[in-house]
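Quick note: the coordinates plus some simple rules give every number you see, no bench work behind them. What you see is a predicted model; the values in this text were computed from it and never measured. Cβ placement follows ideal geometry from the backbone for every residue including glycine, while neighbour counts extend to all protein chains displayed.
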Amino acid sequence: MKVLVVNAGSSSMKYQLFDMQNEQVIAKGNCERIGSPDSFIGHKAADGREFKETIPMPTHSDAFERIVFALTKSDAAVIENMNEIKAVGHRIVQGGAIFKESCLVTEKVIEDIESLIPLAPLHNAAHVQGIRACIKALGHDVPQVVVFDTSFHSTMPPKAYIFGVPYEYYEKYGVRRYGFHGTSHRYVSDRVAELEGKDKKDLKIVTCHLGNGSSIAAICDGKCIDTSMGLTPLDGIIMGTRSGTLDPSVVTFIQEKEGLSAPEMAQYLNKKCGVLGISGVSNDNRDVTEAAQQGHERAQLSLDILHYQIAKYIGGYAAAMHGLDAVVFTGGIGENNYITRELVCEYLDFLGVEIDKEYNMAHNKIKGHDIKISTPASKVAVYAISTNEELVIARDTVKLVGGIK
Ligand code: ADP
């Protein structure tokens, strides 16, 4: 059974085609700069054949047409025609308080996703365009499923998701913590339970998804009880370009001093802060790590802050869960930077965390292999696990359409 996973952004459309018989990716690609004259598609089949084309794609529908071409007619085609695709799964960033789990797409579901556009203006609007483009190309007979970044976090109790502002704003505008990267936190927490040979319900896990955007989640009895991202993905630890949690006065102070409007300030907090803003070097963890190794003080400071903040979250979540059995590192940084894993774990010695530093260093980039870096004596299991959000979406899709056909 072939399932297409689609991740539509405001100017991009990423996709992966899975054969769910063996959960292998048959082909994947990305349409970029949708809406610009120089938009292009890059497509790669699992056997290495590639198809690249620069062609105007004014809308997501035009992009999806090129995806259909890439999959069926290009030099890197992998299927005869689109009838072979039995279902489509879409990644949706914001499911608000409406979507507590993945579901089949109906007109009402599309309307509900649209109703959440004020909470995620760029993302949800693009997702709806992506869904509509698929319906236009494939018709209503091919079932479509939506999988939300937020739904794994919907089990959080009010004490974790209510902010310290008047309750009316929660009631009136839905201002609360939603959390993101839910599919990743779900995948790696399931995987750690599998690797530990235990039921997820018996574990207290902290999952650290560290990429361009980063978030940390506390998972107790198989349920997320808290997470670091908030109303938007801006909250939590410092990220490549996002500020993470701040004294709210910092926002109004800078806004006033620099004469910025609210949208300009939001853009500033999302694009110019975090590791980039502190280091002045880059938002990319590789560049900043290299600069720090060459003695760049602010690069080192930005990394010190990052590690310190991650450790504070883990310590805080251990208290929130009354214990800690496992810590997972994932995402581009968690999967590729042994230094981050080592330095965060150094803070956690008081919890009985002990890692095998040499093994961790020797397995710097885990490249699809999940590794346990804690020692047998460690009171807490520590893993680096390769996340796979697309596979979670494909699995949910298969489940919702009634299993493999
Ligand atoms: P996204 O959040 O966009 O999905 P990723 O999970 O791919 O991002 O993570 C991107 C981050 O991972 C970047 O900061 C990048 O520098 C970092 N990264 C990737 N490879 C390495 C590496 N070898 N060493 C350190 N950091 C890395």
| task | Give the long-range amide H neighbours of ILE92: residues separated by 5 or more places, or on another chain, with amide H under 5 Å away, using H modelled in the peptide plane at 1.01 Å from N. | result | VAL147, PHE148, ASP149
| message | Over the chain, with a Gaussian network built from C-alpha contacts below 10 Å, which listed residue (LYS257, LYS272, LYS44) shows the highest mean-square fluctuation? | response | LYS257
| query | Hey, what do the phi angles of region 193-198 turn into as Karplus ³J(HN,Hα) couplings, whole Hz, using 6.51/-1.76/1.60 and θ = phi - 60°, x for Gly and Pro? | reply | 5, 4, 5, 7, x, 10
| Crossing angle, helix 60-72 versus the chain [Cα axis fit, 0-90 degrees, rounded to tens] | 80
| message | To the nearest 20 Debye, how big is the dipole of the chain about its Cα centre, given +1 on the beta carbon of each Lys and Arg and -1 on that of each Asp and Glu? | response | 400
| Sequence-distant residues sharing a close amide H with SER374 (under 5 Å, placed H) | ASP356, VAL382
| said: My understanding is that a pair violates if its Cα-Cα distance is over 24 Å; which of LYS108/LYS159; LYS198/LYS379; LYS108/LYS223; LYS14/LYS73; LYS201/LYS367 do that in this structure? | reply: LYS108/LYS159; LYS108/LYS223; LYS201/LYS367
| Taking square-rooted eigenvalues a ≥ b ≥ c of the alpha carbon gyration tensor, is region 180-228 rounded, prolate or oblate, where a/c under 1.5 means rounded and, failing that, a/b exceeding b/c means prolate? | prolate
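For region 31-90, what class follows from the C-alpha gyration tensor (a ≥ b ≥ c being the square roots of its eigenvalues): rounded when a/c is under 1.5, otherwise prolate if a/b is larger than b/c, else oblate?
Numbers: a/c = 2.22, a/b = 1.36, b/c = 1.63.
Since a/c reaches 1.5 but b/c is at least a/b, the shape of region 31-90 is classed as oblate.
Just the number, please: percent antiparallel of the DSSP beta bridges in the chain, rounded to the nearest 5.
Of the beta bridges lying entirely in the chain, close to 70 percent run antiparallel.
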| remark: In a Gaussian network model of the chain with springs linking alpha carbons closer than 10 Å, the residue among GLU107, GLU196, GLU53 that fluctuates most is GLU107
| So how long is each side of region 294-350 along the principal axes, counting just the alpha-carbon atoms, biggest first, in Å? | 40, 20, 16
| query | Between the helical axis of 297-320 and the dominant principal axis of the chain, each derived from Cα atoms, what acute angle in degrees is found, rounded to the nearest 10? | reply | 90
| request: Would you calculate a helix-derived [θ] at 222 nm for the chain, using -39,500 (n - 2.57) for each DSSP H run of n ≥ 4 and dividing by the full residue count, to the nearest 500? | output: -12000 deg cm²/dmol
| request: For region 222-230, take each phi angle, set θ = phi - 60°, evaluate the Karplus expression 6.51 cos²θ - 1.76 cosθ + 1.60, and give the result in whole Hz per residue in order, putting x for glycine and proline. | output: x, 10, 6, 10, 6, 8, 7, 6, x
| Taking the Cα centre of each part, how many Å lie between region 6-60 and region 361-405? | 24
| note | Once both label points are put 7 Å beyond Cα along the C-beta direction, the ARG298-SER10 separation in nm becomes 2.6
| Nearest 10 degrees, 0 to 90: helix 262-271 Cα axis against the chain principal axis | 80
| query | Which ³J(HN,Hα) values in Hz, rounded to whole numbers, follow from the phi angles of region 109-117 under the Karplus curve 6.51 cos²θ - 1.76 cosθ + 1.60, where θ = phi - 60° and Gly and Pro get x? | reply | 4, 4, 4, 5, 5, 5, 5, 8, 4
| With r defined as the distance between the Cβ atoms of PHE350 and MET265 and R0 fixed at 60 Å, what FRET efficiency is calculated, to the nearest 0.05? | 0.95
